[in-house]
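A quick write-up on the structure given underneath.
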Amino acid sequence: MDVSPPLRLCLAYREPWHWPQFHAHFALRRLPGVERLEAYSYSRSFRLGTRHGWFRVRSLEHRAALELSLPPGCADLTDQLASRVRRMFDRDSDPEGIAAHLGRDPLLAPLLERAPGLRLPVAYDSFEQAVRAIVGQQVSVKAAVTISDRLVRRLGEPLADSPDGEPMWLFPTPAALAEAPLENIGMPARRVQTLRRFARAVAESELALSLADGVEALVERLCALPGIGPWTAEYIALRAFGAADAFPASDLGLLKAPLWGPGGIRARELAARAEAWRPWRAYAAIYLWHDYAGGG
């Protein structure tokens with residue numbers, strides 16, 4: 001184990017930005033072995049090309065900045081990791097501009113006033129997040145985390161080095177998920193087939209997990225795979241890439257958010273109303289989920 005002190009750098013952000021929002025996000029979705037969460041820090045293992053390691057992000061007191069720590073052996077990866085961390089924690093968004101636009105909707109305006117500056121938490125790795133979205137179809141977040149953890153334990157690789165010597169795991173590769181048997185993993189056979197088809201398409205470069213051609217093109221490519229529908233595709237665009245205008249209109253939390261009243265809202269009505277929220281529909285979704293979760 002390398003005993004050299006970790007490298008550290010500060011990533012400033014524009015306020016308002018709230019660590020508790022991200023802590024709550026990770027607390028609900030944390031994947032044991034891959035991710036760790038403490039009161040004011042988040043750590044995880046990572047792959048970057050053929051390289052792998054770990055990083056830690058800490059919220060700094062009295063400074064509008066995050067501290068990124070990584071092992072000395074990853075010094076040449078600093079710029080790439082910092083870029084990913086900035087995206088993960090939505091460091092570069094314009095909260096005032098987004099609020100001004102979404103606040104034109106009289107129903108959204110009170111949510112924005114109660115929780116100014118909510119950001120869009122984004123996954124470190126797009127493939128990992130897509131897998132977790134497929135696993136999470138029609139099950140609770142807790143159940144999806146449990147199944148994803150089984151995938152890690154069965155098909156992931158142990159990380160040789162970790163920040164404190166405690167075991168950490170690397171999320172399975174597309175090739176590992178495509179080829180390995182997934183019996184008794186806790187998913188219906190049809191969803192297992194969907195997951196393996198998706199992993200194989202990524203492993204064989206038949207599916208481009210990228211926003212290079214725009215959100216609509218990515219959603220279309222994903223929906224072309226059997227077992228992946230609009231909710232999954234839009235959710236992947238939102239959580240895996242931070243696509244600011246992605247919007248899974250059929251999501252239960254969006255449809256049942258308290259601001260719609262006891263009866264909720266139908267998906268078609270929500271999609272129509274959300275047209276006025278473009279190009280920031282993903283941020284509107286964050287506020288609706290916050291409302292659904294009982295956020296003040």
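The values are calculated or read from the model by the stated rules, or taken from the named source; none is laboratory data. These figures come from a predicted structure and were not determined experimentally. All Cβ positions, glycine included, derive from the backbone under ideal geometry; neighbour counts span all protein chains shown. Each accessible area value is taken on the protein alone, full model and side chains, heavy atoms only, with ligands, DNA and RNA left out. Shrake-Rupley method; radii C 1.70, N 1.55, O 1.52, S 1.80 Å.
Would you check if there is a residue in the range 257-269 being closer than 18 Å to residue 111 by Cα, in a helix (DSSP H, G or I) and open to solvent by less than 30 Å² (accessible area, probe 1.4 Å)? No, the range 257-269 contains no residue that is closer than 18 Å to residue 111 by Cα, in a helix (DSSP H, G or I) and open to solvent by less than 30 Å² (accessible area, probe 1.4 Å). Pairing residues of the range 105-125 that are on the phi > 0 side of the Ramachandran plot with residues that are surrounded by 19 or more Cβ atoms within 10 Å (Cβ to Cβ), at Cβ distances under 8 Å and at least 6 apart in sequence or on separate chains, gives 117/17; 117/95; 117/99. Find all pairs meeting these conditions: Cβ atoms under 9 angstrom apart; at least six residues apart or on different chains; first residue within the range 143-168 and closer than 30 Å to residue 4 by Cβ; second residue among the acidic types (Asp, Glu) and modelled with pLDDT under 95. Filtered contacts from the range 143-168: 161/2; 168/161. Taken over the range 1-37, the criterion of being open to solvent by less than 40 Å² (accessible area, probe 1.4 Å) and free of Cβ contacts under 8 Å to residues at least 12 places away in the same chain is satisfied by 35 alone. Residue 90 fulfils the conditions (1) surrounded by fewer than 18 Cβ atoms within 10 Å (Cβ to Cβ); (2) part of a loop (DSSP other than H, G, I, E, B); (3) among the acidic types (Asp, Glu) except for a single criterion, (1). So residue 137 passes all but one of these: (1) touching a residue at least 12 places away in the same chain (Cβ under 8 Å); (2) surrounded by fewer than 21 Cβ atoms within 10 Å (Cβ to Cβ); (3) within 16 Å of residue 288 (Cβ to Cβ). Which condition number does it fail? (3) is the only condition that residue 137 fails. Any residue that is closer than 30 Å to residue 259 by Cα and of a type outside the set (S, T, N, Q) - is there at least one of those in the range 30-52? Yes, the range 30-52 contains a residue that is closer than 30 Å to residue 259 by Cα and of a type outside the set (S, T, N, Q).
Residues that are of a type in the set (Lys, Arg), assigned to a strand (DSSP E or B) and out of contact with any strand residue (DSSP E or B) (no Cβ under 9 Å at 6 or more places or on another chain) do not occur anywhere in the range 56-73.
Of the helices (runs of 4 or more DSSP H) lying entirely inside the range 94-165, the ones with 2 or more residues being over 22 Å from the mean Cα position of the chain (by Cα) are found at 95-102, 109-114.
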